[in-house]
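Following: one structure in structure tokens, then a few remarks.
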Amino acid sequence: MSSVSDTIRGKLEAAFSPSKLDLKDESDRHQGHAGHTGRGESHFNLVIEAKAFAGKGRVARQRMIYHVLAEELAGPVHALSIVATAPDEG
């Protein structure tokens with residue numbers, strides 16, 4: 001069974017072929033907050049750079065990512081912080 005972070009990383013790589021992908025599990029920073037189960041892998045910080053985001057606004061980029069990760073966001077992932085850029089922006 002793969003971890004939630006491995007699943008997220010695999011889906012993002014398949015969908016966007018990113019030139020940069022940094023995914024950090026920050027669940028331990030959310031103890032006592034809504035959505036924190038104590039098992040980890042519920043709160044993530046994502047920094048991703050991909051050509052697919054060129055010409056798209058911030059909200060459109062987030063929607064693209066939410067679409068790819070719909071299953072995880074409906075289940076184990078409570079919070080996902082996103083910074084999504086195109087290669088010429090970073």
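The values are calculated or read from the model by the stated rules, or taken from the named source; none is laboratory data. The model shown is predicted, which means the values in this text are computed figures rather than measured ones. Using ideal geometry, Cβ is built from the backbone for each residue, glycine included, and neighbour counts are taken over all protein chains shown.
Here are a few things to note about the model shown:
- Within the range 66-86, the residues that satisfy the criterion of being touching a strand residue (DSSP E or B) at 6+ places or on another chain (Cβ under 6 Å), under 17 Å from Leu21 (Cα atoms) and not polar (S, T, N, Q) are Leu80, Ile82, Val83, Ala84.
- Residue within the range 20-42 that is at pLDDT below 95, polar (S, T, N, Q), more than 15 Å from Val83 (Cα to Cα) and part of a helix (DSSP H, G or I) present: yes
- The range 65-90 - residue that is buried (at least 17 other Cβ atoms within 10 Å of the Cβ) and not small (Gly, Ala, Ser) and, of those, farthest from Val4 (Cα to Cα): Thr85
- Boolean, Ser5 is among the small types (Gly, Ala, Ser), modelled with pLDDT of 85 or more and assigned to a strand (DSSP E or B): no
- Inside the range 43-84, residues that are hydroxyl-bearing (Ser, Thr, Tyr) and part of a helix (DSSP H, G or I) make up a count of 1.
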